[in-house]
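To keep things clear, I will list the structure first and then write my remarks on it.
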Ligand SMILES: C[S@@+](CC[C@H](N)C(=O)[O-])C[C@H]1O[C@@H](n2cnc3c(N)ncnc32)[C@H](O)[C@@H]1O
């Protein structure tokens with residue numbers, strides 16, 4: 001089995017694999033411990049990573065270096081700044097919302113800033129690009145964030161964007177969900 005689709009992270013990898021090409025430019029909007037950054041860097045020409053937590057960037061840089069990966073640049077900035085800090089168009093942008101696993105749970109992505117981040121990603125998205133947003137909404141901030149992100153994504157012009165919503169229908173306890181935006 002190449003992908004275990006019982007895990008939402010694996011589902012996301014399946015989608016990323018359809019879009020990541022050796023010449024692609026990728027953005028990991030939420031580096032965290034660097035797992036997605038590493039995944040993207042292995043498949044794409046270059047990956048830009050963002051996180052507001054210094055510790056997340058240290059963890060990500062360590063993971064990338066341990067794996068001998070050098071096609072990356074990290075920013076200790078909010079993802080809403082990505083269109084100001086990156087001078088190229090991105091083919092793939094991935095958001096993994098919530099808090100740093102194993103880190104400070106009080107530092108989490110928040111609704112208004114996340115919507116700004118998605119708007120910034122739309123501004124730099126290349127033609128035939130992909131934005132994937134994985135939402136963890138078991139915590140209070142996550143519920144509001146999910147509602148606001150869904151509300152915003154529903155407003156995207158259907159002539160320009162194709163928005164897909166992946167939800168695990170028979171799972172309890174706020175199972176994670178994915179939104180995919182293609183242009
Ligand atoms: C669920 S974790 C990401 C997990 C990561 N993709 C991995 O593979 O380990 C979410 C991360 O988003 C970061 N974050 C929160 N708000 C942010 C913002 N406005 N811009 C960028 N990163 C943010 C947190 O610091 C946290 O590290």
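Nothing in this text is a laboratory measurement; each read-out follows from the coordinates by a stated rule. This is a predicted model, so every value here is computed, not measured. Here the Cβ is made from the backbone with ideal geometry for all residues, glycine too, and neighbour counts use every protein chain on show.
Annotations for the structure displayed:
- Whether segment 70-183 is rounded, prolate or oblate, judged on the alpha carbon gyration tensor where a/c under 1.5 counts as rounded: oblate
- By definition, a body whose alpha carbon gyration tensor gives a ≥ b ≥ c is prolate when a/c is 1.5 or more and a/b is larger than b/c, and segment 1-78 fits this prolate description.
- Full extension of the chain segment joining residue 139 with residue 110 gains 9.3 nm, where the gain is 0.36 nm per residue of separation less the Cα-Cα distance.
- Estimated from helices alone, the mean residue ellipticity of the chain at 222 nm is -11000 deg cm²/dmol (sum of -39500 (n - 2.57) over DSSP H runs with n ≥ 4, per residue).
- Rounded Å value of the spacing that divides the Cα centres of segment 16-30 and segment 49-125: 13
- Tensor-based shape of segment 1-135 (alpha-carbon gyration tensor, a/c under 1.5 rounded, otherwise prolate or oblate): rounded
- FRET efficiency for residue 147 and residue 14, using Cβ-Cβ distance with R0 set to 30 Å, rounded to 0.05: 0.70
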